[in-house]
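> Below you'll find the structure I mean.
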Amino acid sequence: MLSNIFGMLGICSTVLIYQQKTRKCLVLSKLLSDVIWFLYYFSLSAYSGAAIAVIGMIREIVFVNKEKKWAKLPLWLVLFLVLSFGCAVFTWKNAFSLLPCVASAVSVISFWIGN
């Protein structure tokens, strides 16, 4: 029951991401969405998805500070890509464990590009 509530909130929060006008609001909305999705995946014991959501939360904290010198380092891009795929290795259940990791990698690249 609780996971259903988190799932519905997750869908709503994800839709809100696309309604944002500025990059900063978009990234903050994505951060909120990742918090909700973490709760959803954790409540289902889907640890690949939960781990990716935690990586996403850290990623959004870095990318919301993109104008700062420390957040512009290409090391962040590489780190988040390695973490995304490393997460699949450490939380492997079946082939579906790859889906959140690939989605996270696409998000990392798109947020890094910034357009």
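The values are calculated or read from the model by the stated rules, or taken from the named source; none is laboratory data. Just so we're clear, the structure is a prediction, and the values are computed from it rather than from any experiment. All Cβ positions, glycine included, derive from the backbone under ideal geometry; neighbour counts span all protein chains shown. Quick note on the areas: whole protein, heavy atoms, side chains included, nothing else; ligands and nucleic acids left out. Shrake-Rupley method; radii C 1.70, N 1.55, O 1.52, S 1.80 Å.
> Using heavy-atom solvent-accessible surface (probe 1.4 Å) with all chains present, what is the largest-first order of 108, 102? Don't skip to the end; give the middle numbers.
Values: 108 0, 102 70 Å².
From most exposed to least exposed: 102, 108.
> Quick one: what are the phi-derived ³J(HN,Hα) couplings along the stretch 89-98, Karplus 6.51/-1.76/1.60 with θ = phi - 60°, whole Hz, x for glycine and proline?
Couplings: 5, 7, 10, 4, 10, 7, 4, 5, 5, 6 Hz.
> Given +1 on the Cβ of Lys and Arg, -1 on the Cβ of Asp and Glu, and no further charges, what dipole in debye does the chain carry about its Cα centre, rounded to the nearest 20?
400 debye
> Additional query: Classify the stretch 1-69 as rounded, prolate or oblate from the Cα gyration tensor: take a ≥ b ≥ c as the square roots of its eigenvalues, call it rounded if a/c is under 1.5, otherwise prolate when a/b beats b/c and oblate if not.
Numbers: a/c = 4.12, a/b = 1.55, b/c = 2.65.
Oblate, since a/c reaches 1.5 and b/c is not below a/b.
> Given 68/93; 30/72; 21/68; 30/69; 21/69; 30/93, which pairs have Cα atoms separated by over 30 Å?
Distance filter (> 30 Å) returns 68/93.
> Where only protein heavy atoms count, and the probe is 1.4 Å, what is the accessible area per residue for the chain in Å²?
Details: 7070 Å² over 115 residues.
Solvent-accessible surface per residue comes out at 62 Å².
> Choose one of 110, 90, 51: the residue whose Cα lies farthest towards the positive end of the charge dipole of the chain (beta-carbon charges +1 Lys, Arg; -1 Asp, Glu; about the Cα centre).
After comparing all options, I get 110.
> Under a 1.4 angstrom probe, counting protein chains only, how are 23, 59 ranked by accessible area, largest first?
From most accessible down to least: 23, 59.
> Expressed as a whole percentage, what fraction of the accessible surface of the stretch 7-112 belongs to carbon and sulfur atoms when a 1.4 Å probe is rolled over the protein heavy atoms?
Its accessible area is 78 percent carbon and sulfur atoms.
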